[in-house]
Amino acid sequence: QVQLVESGGGLAQPGGSLRLSCATSGFTFSSYAMSWARQAPGKGIEWVSGIYSDGSATYYADSVKGRFTISRDNAKNTVYLQMNRLKPEDTALYYCGKGSSYSDYDPRRAPYWGQGTQVTVSS
């Protein structure tokens with residue numbers, strides 16, 4: 001069965017950094033695009049980032065562009081989200097999603113999601 005397990009969240013100060021990981025199993029990881037999405041209290045789900053199955057193309061929301069970097073290690077079946085220059089508005093529950101194909105990382109079509117990891121940015 002498909003499993004997605006996020007980790008690496010926690011408390012960070014504004015301007016600080018965190019690195020999220022999503023360990024996967026139950027499918028051919030290297031054949032699928034992956035994505036990250038987040039949800040803050042009282043808000044809808046926001047698409048944060050996406051990456052093609054081979055890492056050849058990426059997507060970033062305007063709100064995180066230039067600060068976050070998505071990457072993947074297909075040998076480890078793991079996708080990462082490096083978050084730098086964090087802001088209080090980055091506070092949210094971050095989810096890792098499995099894409100529907102090698103290039104489709106739209107979270108609206110992602111068939112599976114992890115349980116999420118909490119990121120809190122506060123001084």
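The values are calculated or read from the model by the stated rules, or taken from the named source; none is laboratory data. Predicted model, so just to flag it, every value in this text is computed and none were measured. Glycine also receives a Cβ, built like all others from the backbone with ideal geometry; neighbour counts cover every protein chain displayed. Remember, those area values only see protein heavy atoms, side chains included, never the ligands or the DNA or RNA. Shrake-Rupley method; radii C 1.70, N 1.55, O 1.52, S 1.80 Å.
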Positions within segment 82-101 being surrounded by 18 or more Cβ atoms within 10 Å (Cβ to Cβ) and either farther than 15 Å from Glu46 by Cα or of a type in the set (Lys, Arg) (or both), in sequence order: Met83, Leu86, Lys98, Gly99
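Looking at segment 60-72, which of its residues are farther than 19 Å from Ala110 by Cα, in a strand (DSSP E or B) and either among the aliphatic types (A, V, I, L, M) or open to solvent by 50 Å² or more (accessible area, probe 1.4 Å) (or both)?
Thr69, the sole residue that qualifies.
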Segment 78-123, residues that are of a type in the set (Ser, Thr, Tyr) and touching a strand residue (DSSP E or B) at 6+ places or on another chain (Cβ under 9 Å): Thr78, Tyr80, Thr91, Tyr94, Tyr95, Tyr105, Tyr112, Thr117, Thr120, Ser122
Condition check for Gly10: over 14 Å from the mean Cα position of the chain (by Cα) and open to solvent by 50 Å² or more (accessible area, probe 1.4 Å): no
Subset of segment 102-123 [assigned to a loop (DSSP other than H, G, I, E, B), out of contact with any Leu (no Cβ under 8 Å at 6 or more places or on another chain) and open to solvent by less than 50 Å² (accessible area, probe 1.4 Å)]: Ser103, Asp104, Tyr105, Asp106, Ala110
Top-ranked residue in segment 13-59 [being open to solvent by 50 Å² or more (accessible area, probe 1.4 Å) and of a type in the set (Val, Ile, Thr); ranked as farthest from the chain's Cα centre (by Cα)]: Thr28
